[in-house]
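First up is the structure itself, then whatever we jot down about it.
All of the numbers you see were taken from the coordinates with simple rules; none came from a lab. Keep in mind that what you see is a predicted model, and the values were worked out from it rather than measured. Cβ placement follows ideal geometry from the backbone for every residue including glycine, while neighbour counts extend to all protein chains displayed.
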Amino acid sequence: MGTDPPRDRAVGRVADQGISRGPGDRAVAAFFDFDRTLISVNSGNLWIRRERRLKRLTLRQLLEAAVMLLGYRLSLVDMDASMKKALSVYRGVREADLAAWTREWFEAEVRRWVSAGARRALAEHRAAGHLCVLLTSSSPYLAAAASEHLGLDGWISSRYQVLDGVLTGEPMLPICYGEGKVVLAESYARERGVDLGRSYFYTDSYTDLPMLLRVGEPRVVNPDLRLHLWALRRRLKVLSWL
């Protein structure tokens, strides 16, 4: 039997009937970060605690993951290296198994953390005819589950290499983080006819500054300290959805 080439899972989408179009017949989108934006907690913390309970992480791996999450929060992490190290834990795991574990975990521990403010914002954008899109550094399996639960029009996430249905432990580049979010969002916008200059992006993290600067309507939600200071300098309204 032949061997399939490595593939990635990065983008999910549904039909865009009824989407509002702007000048030149281009759509407006509202992109949303996930952790501490659509949900009021960091899903990474929930995931590593669960994996430790199920003994899929050693104590050393748990501590390494905790350090990585702290670095992410402080905008001090080498995301490419950190993602590769995190994925190495799942090298050789069947993609279908990780997807199933993620969906079970989302239903049991994550979906209840969706904030009321996020739901209001999604409703407002839907009423305006905007595409609602998740833009997250999280896994494609979490992105798919969250987007389905929230009824989003699509999702963009980090991408994992899969060979013959099995995770290789390698991320696909660019990771959906920092400038990588811009690259992947621009690709999505070209495919869907979205005008980023008239679109929105909601996030809590200073690491998302490139994407905030790329859209015409940046939105700062539950920000970390560096992003809060940036928003104050720009005289942007700071939203609190916690």
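With a 10 Å radius around each residue's Cβ, average the other Cβ atoms per peptide and rank 208-216, 162-170, highest first.
208-216, 162-170
Which residues in segment 120-142 have a backbone N closer than 19 Å to a point placed 7 Å from the Cα of His149 along the Cα-to-Cβ line?
Backbone N within reach: 120-123, 132-142.
Apply 1/(1 + (r/R0)^6) to the Cβ-Cβ distance of Arg119 and Lys85, taking R0 = 25 Å, and write down the FRET efficiency to the nearest 0.05.
The value I calculate is 0.15.
How high is the FRET efficiency between Ala128 and Glu107 when r is their beta carbon distance and R₀ equals 25 Å, given to the nearest 0.05?
Step by step, r from the Cβ atoms, then E = 0.25.
Could you pull the Cα extents of segment 77-191 along its three principal axes, largest to smallest, in whole Å?
Result, largest extent first: 44, 33, 28 Å.
At a Förster distance of 25 Å, what's the computed FRET efficiency of Asp164 paired with Ser187, Cβ-Cβ distance as r, to 0.05?
0.45
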